[in-house]
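Report on the following structure.
The values are calculated or read from the model by the stated rules, or taken from the named source; none is laboratory data. Source: prediction; values computed, not measured. Using ideal geometry, Cβ is built from the backbone for each residue, glycine included, and neighbour counts are taken over all protein chains shown. When the accessible area is computed, the model is the full protein with side chains, heavy atoms only, and any ligands, DNA or RNA have been set aside. Shrake-Rupley method; radii C 1.70, N 1.55, O 1.52, S 1.80 Å.
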Amino acid sequence: MVEESAQPSAPEDPLLQRLRDKFGEAVVSTHSYRGDRTAIIDRGSLVATCEWLRDDPQNQFDMLMDVTAVDYLGRRPRFEVVYHLYSIEKNHRARIKVALEEDDVKVASVVSVWSGANWLEREAWDLYGIQFDGHPELKRIYLYEEFEGHPLRKDYPKEKRQPLIGPGAPEGAADGGESSS
Amino acid sequence: MATETREQFLHQDGRPGGSDLRDSFFTSRYEDALAWARKFAFFQYPFVTACCGMEYMSVTGPRFDTDRFGMTLPRFTPRQADLLLVVGTITHRQAPILRRVWEQMSDPKWVMSFGNCTNTGGPYNNYAVVQGIDSIVPVDIYIPGCPPRPEAVIDGLLKLQERIRRERSDRPVENIHGKQPALDFQAGEAGRLAPGQVKIHDV
């Protein structure tokens with residue numbers, strides 16, 4: 001993420017400039033190329049930033065298109081949570097990132113800002129193990145409750161299998177009325 | 001109304017025929033007739049989960065028309081079906097559902113594994129996908145392909161029919177795996193397999 005800030009030559013994108021003016025130190029770094037804008041935000045200011053991005057008349061980011069995460073194994077901070085925003089009104093886009101350390105993979109939930117974040121954050125929790133503080137019901141969405149670990153993390157063993165039934169299934173694994181007797 | 005007696009069906013020397021009913025019946029063994037009826041009257045349950053479903057639609061549609069071979073009525077409850085078509089990728093999360101569908105089918109029943117994902121997991125060797133459904137339910141016929149050509153499906157269907165023709169309720173027969181006995185479909189033994197039969201892991 002550091003290398004993204006080392007491009008002072010290009011003129012700052014107007015939206016990113018306003019973001020910097022508004023939040024100052026909370027904006028860790030920005031990057032923009034031909035309308036593709038990215039801002040890395042300090043973890044503590046995420047919700048305030050998102051509310052401003054949604055409500056300011058010049059932004060109007062009324063749609064959260066995606067929440068996902070990236071695992072940069074071996075780098076510090078290890079994780080990045082990525083928010084893709086879109087404005088139906090203005091037809092423009094922005095990308096917000098929050099960097100998270102491995103030993104404290106927590107970030108505030110933005111369900112209060114965009115209710116569509118609910119399932120997206122559950123997906124990021126399920127597959128990457130990102131904990132979203134303030135999420136109304138943070139539980140797995142794709143995998144089953146018995147699954148251990150978060151399979152899209154880079155240190156999840158590629159060959160590891162956790163079947164509910166069949167070879168390798170734990171003894172007496174629950175699967176809902178299997179017995180034909 | 002006069003009742004025809006048995007003598008009227010026969011020639012003087014005892015051979016069948018000799019009445020108006022000459023061409024109206026044939027003789028067979030009970031088991032053969034039963035197997036013949038079974039193999040041409042599949043009530044299929046399509047368990048369709050992925051892109052192979054498109055090829056399934058093609059093969060059951062009018063151009064390739066498995067209806068010609070007796071694979072006719074899709075039943076959308078397993079309780080009315082005797083041929084389970086597993087069409088598409090099966091994930092570990094879906095596995096208990098597939099197993100339960102199979103258990104709800106009444107005997108005799110057969111399972112067709114349709115496509116590479118169902119056979120082996122296909123290209124998906126990862127945390128989510130079952131590496132071959134034969135770890136969940138016993139499979140009678142595997143159709144390779146990604147997706148299989150309709151000709152491959154029809155070929156597999158004919159092979160399955162040939163197997164069913166030889167299946168008997170009271171004795172094991174060879175199946176596609178070689179010397180292993182076929183699936184037991186004794187009434188009252190629902191889902192129970194004898195030792196040495198197609199590998200199945202109890203839950």
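Things worth noting here:
- Residue in region A:113-120 that is surrounded by 16 or more Cβ atoms within 10 Å (Cβ to Cβ), under 28 Å from B:P123 (Cα atoms) and free of Cβ contacts under 8 Å to residues at least 60 places away in the same chain present: yes
- When each of A:D66, A:D56 is tested for being among the acidic types (D, E) and open to solvent by 40 Å² or more (accessible area, probe 1.4 Å), the lone residue that passes is A:D66.
- Complete set of residues in region A:83-93 that are open to solvent by 10 Å² or more (accessible area, probe 1.4 Å) and within 14 Å of the chain's Cα centre (by Cα): A:H84
Table: residues versus (1) within 30 Å of A:P151 (Cβ to Cβ); (2) touching a Cys at 6+ places or on another chain (Cβ under 8 Å); (3) modelled with pLDDT under 90.
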| position | (1), (2), (3) |
| --- | --- |
| B:T89 | yes, yes, no |
| B:Q104 | no, no, yes |
| B:P108 | no, no, yes |
| B:D134 | yes, no, yes |
| B:V137 | yes, no, yes |
| B:I143 | yes, no, no |
| B:I154 | no, no, no |
| B:R163 | no, no, yes |
| B:R168 | no, no, yes |
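- Test result for B:L157, within 14 Å of chain A (Cβ to nearest Cβ), over 30 Å from A:K154 (Cα atoms) and either assigned to a helix (DSSP H, G or I) or over 18 Å from the mean Cα position of the chain (by Cα) (or both): no
- Number of positions in region B:96-121 that are surrounded by 21 or more Cβ atoms within 10 Å (Cβ to Cβ), within 15 Å of the chain's Cα centre (by Cα) and not charged (D, E, K, R): 7
- Against the conditions (1) more than 24 Å from A:F23 (Cα to Cα); (2) more than 14 Å from chain B (Cβ to nearest Cβ); (3) in contact with an Asp or Glu (Cβ under 7 Å, 6 or more places away or on another chain), A:L143 satisfies every one except (2).
- Hits in region A:125-138 (condition: away from every other protein chain (no Cβ under 14 Å), charged (D, E, K, R) and either open to solvent by less than 20 Å² (accessible area, probe 1.4 Å) or in a loop (DSSP other than H, G, I, E, B) (or both)): A:E137
- Only residues that are part of a strand (DSSP E or B) and among the β-branched types (V, I, T) were counted across region A:86-124, and they come to 3.
- A:A39 meets the conditions (1) small (G, A, S); (2) in contact with a Lys or Arg (Cβ under 8 Å, 6 or more places away or on another chain); (3) assigned to a loop (DSSP other than H, G, I, E, B) in every case but one. The failed one is (3).
Okay, residues lined up against (1) surrounded by fewer than 18 Cβ atoms within 10 Å (Cβ to Cβ); (2) small (G, A, S); (3) in a helix (DSSP H, G or I):
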site: B:P123; (1), (2), (3): yes, no, no
site: B:V137; (1), (2), (3): no, no, no
site: B:V153; (1), (2), (3): no, no, yes
site: B:Q161; (1), (2), (3): no, no, yes
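- In region B:65-74 there is at least one residue matching the filter, namely being assigned to a loop (DSSP other than H, G, I, E, B), surrounded by fewer than 17 Cβ atoms within 10 Å (Cβ to Cβ) and out of contact with any strand residue (DSSP E or B) (no Cβ under 8 Å at 6 or more places or on another chain).
- Some residue of region A:86-106 being in contact with a Ser or Thr (Cβ under 6 Å, 6 or more places away or on another chain) and of a type in the set (F, W, Y): no
- B:R93 vs. criteria basic (K, R), part of a loop (DSSP other than H, G, I, E, B), more than 16 Å from the chain's Cα centre (by Cα) and facing chain A (nearest Cβ under 9 Å): yes
- Qualifying residues in region B:15-60 (those that are assigned to a loop (DSSP other than H, G, I, E, B) and open to solvent by less than 40 Å² (accessible area, probe 1.4 Å)) - the one modelled with the highest pLDDT: B:A50
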